[in-house]
Amino acid sequence: IKEEKQRLRKEKKQQKKNKEKKDEKASHESEKKKNKEEKPVSAAAPASQPPTQPSTQKAVPAPAPVPVPVSETPALADKPAKTKADLKAERRARQEAERASKQAATSKPKAPPNELQPVVKRLPEHVQVDNPGVLKKLAKKLERQQIPLRLDYGYKVSLFSHLHQYSRKAPLTQQLSIPSTVIHPAIVRLGLQYSQGIVAGSNARSVALLHAFKQVIRDYTTPPNEELSRDLVNKLKPYISFLSQCRPLSASMGNAIKYIKKEISNIPSQCKEEEAKRKLLSCIDCYIDEKIILAAKAIAKSSIEKISNGDVILVYGCSSLVNHILCEAFEKNIKFRVIVVDSRPRLEGREALRRLVQRGISCTYVLISAVSYILPEVSKVFLGAHALLANGYVMSRVGTSQIALVAKAFNVPVLVCCETYKFCERVQTDSFVSNELDDPDDLIVTRKGKTQLEHWQDVPSLGLLNLVYDVTPPDFVDLVITDLGMIPCTSVPVVLRVKNVDQ
Amino acid sequence: MELQAVLMAAGGGSRMTDLTYNTPKPMLPVGNKPLMWYPLNLLERVGFEEVIVITTKEVQKMMATDPKMKIDVKMKLDVVCIQEDGDMGTADALRHIQQKIKTDVLVVSCDLITDVALHEVVDLFRAHNATLAMLMSNAHEFTETVPGQKGKKKTAEQRDFVGVDQSGKRLLFMANEADLEDGLSIRKSIMRKHPRMHIKTGLVDAHLYCLKKAVVDFLADNKSISSIRGELVPYLVRKQFSKTTNSPKIKDDAENQNQKTNDSSTNHELLISSRDEPLLQLAQERSCWNDHRGDMSEAYHGGKLRCYVHIIDQGLCCRVNTLAAYIEANRLAPKLFEEPAVHPSAVISERCQMGSDSIIGALCQVADKTSIKRSTLGNSTTVKEKVKVTNSIIMHGVTIEEGCNIQGSVICSNAVIGRGADLKYCLVGNGQRIEPEAERTNEVIVGTDQLMEI
């Protein structure tokens, strides 16, 4: 029996190798985050190395990822996992053989048959909130991971009813036990900070996430008869669910998580725990250094070339990268002034204003309603980005696309500054499909003692919508400044492809 | 592990000696449950699995025999005994168990009865990485007449001045009236950082504190602090704005050891930073959040020591440290739980009039023609015929003979009330006998041996 299994495994590896050579083009499509999470038994083999695949597949049928390292039957746990993976391998080999024969039999209209590999594209669950089946699946998954389910709040505008809407006054910690045992305390703290907005901004969230993961790794001990490379990834899954319940994950966080999971899976099994942990911690430090700190430096250097004396620069909201660039430019004694545009309800521009004025930069502050008034004065617009999508669209704070549009109308150049780790493979052309709904009560304001919207829930035809992100088409963006250089918006897919080949 | 719970149950109940001279305060029955059961129940409901209980040997013995404690409390109780007569303050007790403390602590006092959502306090502690988070509540006036109090209620004895910032969460200032000689003085540095401060006086401190582990270690080195509430909390609140809080970050504990002798080292010890301080700093820098606006400084004004308070408006939060509070608690505490008012083992005759808000304990015997309204009867109490009990608290093992009329009183354990006695607003001490046909109003009846103790 063992020989048969080995033979089947070899067959499968062979087939995969053949497909890999043909599948370069289709590889970046299949690398969607969802696929990795769901692990569908799809014919299109993902571009990851074959040895890691059976190992991650073994992780899926492994016993429930309860972090308490007490496993009564550790020996048994390993054995059924092995046979299950073998069965899966057999099944896959059989399926592929069948599919290959089918393709040979039927005549496919398109010439290269490999591009037709049906890649199962599944929508992520966080944009399917109005589908009760998906919600049920989510509830089951959370129950398995022992994470409480956060309930949606208030009436959702119908166009956005497929997204989650949470209330800040109902934190997820209400349903957790107080000395949190299921979730590591650093992750609980992080989730709270996300949901209360204490850590906000793409870079800050990623750095805080990696910091928390460092603490998790430090406190981690491999349970007996488990491998660190597999078990640690399983441990991280409920934490990630928890964090995404507190606040939907950002694209940069998603990329950071992918990186960490890859690093953990790549730890050789003979590596000792202490050494493995040290390696992982240094990987994380490296990632932050390279992708965030050094990238910021490189971007600042490129951007400073674009800022000349006498410039009037318009910025929107509080982007850590743009603030960094402006401060660096000021250090280099370039004479410019800044116009900070702000918008409700977040009013993040006030924080940007404070940071710039503290350095000594002369600033003007307007609300977004005055942007067409002030634009004739502006010579350049610098925008930050939350993520850069694969079709060149820029996903950023809501209001950014409006600024880009008006700037285009006034023929003012728009420069978007974005580190490469924020590039994501999603494709989006409108702000409806995938967005984030913030707490609608944030829109309620009290002026002169009167709160008009206080009882908005009682009015049946009234809905409050607090969007967080919007997408700007590449026609409005003149230049994207990344740590790889200054590229036009349409070159983003090239960068992504180059990144994937590197990996 | 995130938090360790510590229950302080060694207090003497110095403000209600009439009740506590025979029964230690943690075991006083409130709604027929021992007082310390309430905070333990709160911790258990929230999800704690172990509690360190600091108490005296006497209480430990009573805990072992009390049925409620044995059956209802499922958590593991680690009982640490300290000397009863020693002048051990709450901070001294914490210092005593410093070896057991491995992580941040949640200190609860045994006389706290509350139904607050504990996560509100702990969330403040977690989200802002605070050094101290505490719970306070708006005080309610006690409406019941307190036995033994002659004349008008005493005026507010020692007010506490609590200063919070605009959001109502950050604790800026805390002082007791006794410590303020000639007026309330507030440092300019506080006013510069927080120009809007709300000063409240009508708050009740619930004695529930979340403290960082570094504070416990700090206590171990500073033996002069003996009470958490009286000394440690005001100290921490003051130190938030001390000039040395902006000292450079400490990278590892070895440096701290060398600086122990230095006076300014007290600050450094409190601010023992985590190993990834630069990362946290980076995240905070990049985050576009600030806790205040209007001035040029960063979030938290760059201060690393932060104290937070959660003030509750509604809901029950009661500290049983005076007789008035004890009576109030007996009235309110049973509403917290859905246990049947009448214990199944009590024998109540049919011709007894019992109000719906009375509580009858186990193995009671209530005879005919009695009327029990708004009262609590302890375990194994015997009430004979024609007795009227209104608005009173009767503890365990009491015998009330026929024809008595008890109103607004507190009768302690094992007392015997002779027939036909008429007690209004009295407090009868432990094991006392009231002679038949006695008529007492507004008196405290205790034994002569108690009177000798000063």
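Where a number appears in this text, it was derived from the coordinates with a stated rule and is not lab data. Only a predicted model underlies this, so the values are computations on that prediction, with no experimental measurement involved. Cβ coordinates were reconstructed from backbone atoms using ideal geometry, including for glycine residues, and neighbour counts include every protein chain displayed.
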> Which of A:388, A:8 comes first, and how do the rest follow, when ranked by fewest Cβ neighbours within 10 Å?
Replying inline: A:8, A:388
> Where the centre of each part is set by its Cα atoms, how far does segment A:426-503 sit from segment A:172-239, in angstrom?
Replying inline: 26
> For the pair residue A:168 and residue B:277, what calculated FRET efficiency results from E = 1/(1 + (r/R0)^6), where r is the Cβ-Cβ distance and R0 = 25 Å, to the nearest 0.05?
Replying inline: 0.35
> If you take the square roots of the eigenvalues of the alpha-carbon gyration tensor of segment B:9-68 and sort them as a ≥ b ≥ c, do you get rounded (a/c under 1.5), prolate (a/b over b/c) or oblate?
Replying inline: prolate
>> Can you give me the distance in nm between label points at residue B:159 and residue A:410, each placed 7 Å from the Cα along the Cα-to-Cβ direction?
In response: 5.6
> Per the Kirkwood definition applied to all pairs of different Cα atoms, how many angstroms is the hydrodynamic radius of segment A:172-248?
Replying inline: 13.1
>> For a distance above 22 Å, tell me the whole-number percent of Cα pairs in segment A:193-290 that qualify.
In response: 28
> Under a point-charge model restricted to the Cβ atoms of Lys and Arg (+1) and Asp and Glu (-1), what is the dipole moment magnitude of segment B:61-140 relative to its Cα centre, in debye to the nearest 20?
Replying inline: 400
> Order of A:102, A:277 from fewest to most other C-beta atoms within 10 Å?
Replying inline: A:102, A:277
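Based on Cβ point charges of +1 for Lys and Arg and -1 for Asp and Glu, what charge dipole magnitude is obtained for segment A:426-469 about its Cα centre, in debye rounded to the nearest 20?
My answer is approximately 240 debye.
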>> Positive end of the dipole of segment A:273-339, charges at C-beta (+1 Lys, Arg; -1 Asp, Glu), about the Cα centre: which of A:283, A:320, A:308 has its Cα farthest in that direction?
In response: A:308
> Based on the Cβ-Cβ distance from residue B:437 to residue B:176, what FRET efficiency comes out when R0 is 41 Å, to the nearest 0.05?
Replying inline: 0.30
>> Taking just the alpha carbons, could you work out the radius of gyration and Dmax for segment B:325-445, both in angstroms?
In response: 12.9, 38
> Restricting attention to segment B:285-376, which GluC sites (Glu not before Pro) occupy a DSSP loop and are surrounded by at most 15 other Cβ atoms within 10 Å?
Replying inline: B:338, B:350
>> For segment A:385-468, which GluC sites (Glu not before Pro) pass both filters: DSSP loop (anything but H, G, I, E, B) and at most 16 other C-beta atoms within 10 Å?
In response: A:454
> For segment B:33-144, what is one quarter of the convex hull surface built on the Cα atoms, given in nm²?
Replying inline: 8.9
> With each pseudo-label sitting 7 Å past Cα toward Cβ, what's the residue A:161-residue B:291 distance in nm, one decimal?
Replying inline: 4.1
> Taking a label point 7 Å from the Cα of residue B:81 along the Cα→Cβ vector, which residues of segment B:27-67 have an amide N closer than 15 Å to it?
Replying inline: B:53-65
> Once segment B:291-384 is represented by equal point scatterers at the alpha-carbon sites, with solvent omitted, what log10 I(q)/I(0) does the Debye formula produce at q = 0.12, 0.16, 0.25 Å⁻¹?
Replying inline: -0.55, -0.77, -1.27
>> Spelling out what I want: for every residue of segment A:227-242, take phi, set θ = phi - 60°, compute 6.51 cos²θ - 1.76 cosθ + 1.60 (Karplus), and round to whole Hz; glycine and proline get x.
In response: 9, 4, 5, 8, 6, 5, 4, 5, 5, 6, 4, x, 5, 5, 4, 4
>> Suppose a student asked you for the relative contact order of chain B, using Cα pairs under 8 Å spaced at least 6 residues apart; what percent would you report?
In response: 15
> Among all lysine pairs in segment A:358-503 that are eight or more places apart or on different chains, how many have alpha carbons less than 26 angstrom apart?
Replying inline: 4
>> Pairs of alpha-carbon atoms within less than 8 angstrom and 6+ residues apart define the contacts here; what relative contact order does segment A:118-189 have, in percent?
In response: 31
>> If the rule is a partner Cβ under 4.7 Å, which cysteines in chain B fail it?
In response: B:81, B:110, B:210, B:307, B:317, B:318, B:352, B:364, B:404, B:412, B:426
>> Give me log10 I(q)/I(0) at q = 0.11, 0.13, 0.20, 0.21 Å⁻¹ for segment A:372-458, Debye formula, one equal scatterer per alpha-carbon, no solvent.
In response: -0.48, -0.63, -0.96, -1.00
>> Suppose each label sits 7 Å from its Cα in the direction of the beta carbon; what would the residue A:379-residue A:274 distance come out to in nanometres?
In response: 5.9
> How high is the FRET efficiency from residue B:50 to residue B:339, r the C-beta distance, R0 22 Å, rounded to 0.05?
Replying inline: 0.30
> Translational D (Stokes-Einstein, µm²/s) of segment A:238-304 at 4 °C and 1.567 mPa s when Rh comes from the Kirkwood sum over C-alpha pairs?
Replying inline: 93
> Between B:4, B:352, B:311, whose Cα lies farthest towards the positive end of the dipole of chain B when Lys and Arg beta carbons carry +1 and Asp and Glu beta carbons carry -1, centred on the Cα centre?
Replying inline: B:311
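Tell me, A:447, A:189 in order of fewest to most beta-carbon neighbours within 10 Å? It would help to have the intermediate numbers written out before the result.
Values: A:447 7, A:189 25.
The order, fewest Cβ neighbours first, is A:447, A:189.
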> Once every DSSP H run of n ≥ 4 in chain B is given -39500 (n - 2.57) and the sum is divided by its residues, what mean residue ellipticity at 222 nm do you get, rounded to the nearest 500 deg cm²/dmol?
Replying inline: -6000 deg cm²/dmol
> How large is the charge dipole for segment A:293-417, taken about the Cα centre, if only the Cβ atoms of Lys, Arg (+1) and Asp, Glu (-1) carry charge, to the nearest 20 debye?
Replying inline: 140
